[in-house]
1. Run the dipole for the range B:5-67 about the Cα centre, Lys and Arg Cβ at +1, Asp and Glu Cβ at -1, nothing else charged, and hand back the magnitude in debye, nearest 20.
2. What is the projected area of the convex hull of the Cα atoms of the range A:37-132, averaged over all directions, in nm²?
3. Other chains near B:28-37: what is the mean number of their Cβ atoms within 10 Å of each residue's Cβ?
4. Using DSSP, restrict attention to beta bridges with both residues in the range A:1-130 and report what percent are antiparallel, rounded to the nearest 5.
5. Taking only complete DSSP H runs, can you tell me which helices of chain A stretch 20 Å or more along their own long axis by Cα positions and average at least -0.5 on the Kyte-Doolittle scale?
6. Determine the equivalent ellipsoid of the range A:310-353 by diagonalising the alpha-carbon gyration tensor, then write out the semi-axes as square roots of 5 times the eigenvalues, largest first, rounded to whole Å.
7. Quote the charge dipole size of the range A:192-329 about the Cα centre in Debye, to the nearest 20; the model charges only the Cβ of Lys and Arg (+1) and of Asp and Glu (-1).
8. With a sphere of radius 14 Å drawn around the Cβ of A:ASP17, what net charge do the other residues whose Cβ falls strictly inside it have (Lys, Arg +1; Asp, Glu -1)?
Amino acid sequence: MNAKATSLLDELRRASDQAGRRVQLMEVCGTHTVSAFRSGIRSLLPENVRLVSGPGCPVCVTAQRHIDAVIELAARDDVLVATYGDMMRVPGRRGSLEQARAAGARVHVINSARGALRLAREHPRETVVFLAVGFETTAPATAAIVLEAERSELTNLSVLSCHKVVVPAMLALLAAGDVAIDGFLCPSHVTVIIGWDAYRPVVRQFHKPCVVADFEPNQILRGLLHLVRQIGTSRPRVENVYQGVVNGHGNPFALALLQRVFVPGDTTWRGLGAIPASGLELASGFRRYDAVWRFGLSLGEDHDNPCCRCGDVIKGNIDPDACPLFGSACTPLTPIGPCMVSSEGTCAAWFKYRPPGEREVSLAQGGVS
Amino acid sequence: MCLAVPGRVVESHGGEAVVDFHGNRLQICGVMTPDVATGDWVLVHAGYSITRVSERDALATWDYLAQSGIAAIEEQDP
């Protein structure tokens, strides 16, 4: 551990003493989750400070119905599916995209939304369906390729939008009240796009502090320190410790892309259910690029494994090892739930970094005193 | 998957840029950062630059990425 981290931990211990109570903080971003595990921050925190993982892994919160729909489309002779690699192994009702590809479906892994454009140009006789996942960091790229398709009169590109926005999920978690959350460590690169002003409703409506920090361990520690200090003074507000990169208003060019191509829509989050205005749907002017409209998709319902507790993990209600499948039936090699599939999933991070047998006392369901 | 990785712009023209990530050069789209110029450092996510960053911040992030192995530069879709 470097000297700066030691100093920040000392400050955090003093701040937590001053807070004088148990504090439960949620890291919203999957990258924070992995970094906090990897660096050992969780085990170094003061006894009265606990970090829980939130719904910030886009793979983990994609509802099964979207996986089922895209697998159904992948079975068609006139369709190519393109998606980010993390989505390949997410189990749907009848298997994963990886399994569909092994059975002959044409499914392509892309690293950039522009890969879907390239596929559409290379395969003019087929329709390319882009399974588009991700939060505000990723969604502007989808908007950009839709505009590029329109500009170049490319008609065989179609988007199945699973894009989601972060703040409505934070508000929904607080409104549900299932898990005690005293403050949020907010994602850095999402906030590059949306700006830290976007978290003001969390403070205004629920009086919970929000601090934006990058994913490096010292940034995470600094973010936690600012959160605990705010809790100690009972003056919740939005703070940013990722200075010089994040601003209050976000990236206006990225936001303009989002506003031009998408409209807010109600969408279903795995574990959280339907949340109003938490999804990004293609605006009516771009309907011909919308896979739901183009193929007349009926998204149906989810049929998750009843033993899988990913929903509770995503909400911070339980730790992964409280799931009966964790580490036995559900492992990174044989994932049953999406939190074990994604490298940023909480279950995958626990499996990789958590020492066997180590358990924390859950502060969920009113455990914070 | 919201991770963005810093790189230095070595070419920039017409909304496209070539960005150097510690020796790996990739073509990226600059539609969200139209004001960047050759020599600037940017954060790149899924083939798109999302903001300019200082060289100091970029190098600090690279140090951490190199230590942790969190980010791997993969061949990118054109």
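1. My answer is approximately 80 debye.
2. Approximately 8.0 nm², given one-decimal rounding.
3. Mean shielding count: 4.
4. Around 5 percent of the beta bridges assigned by DSSP in the range A:1-130 are antiparallel ones.
5. Helix filter hits for chain A: A:217-233.
6. Equivalent-ellipsoid dimensions as semi-axes: 14, 11, 9 Å.
7. 560 debye
8. It works out to a net charge of +2.
A short reminder: the numbers here are calculations on the coordinates, not readings from a lab. In this text the structure is predicted, and so the values were computed from the model without any measurement. Here Cβ is always computed from backbone atoms with ideal geometry, including for glycine, and neighbour counts include all displayed protein chains.
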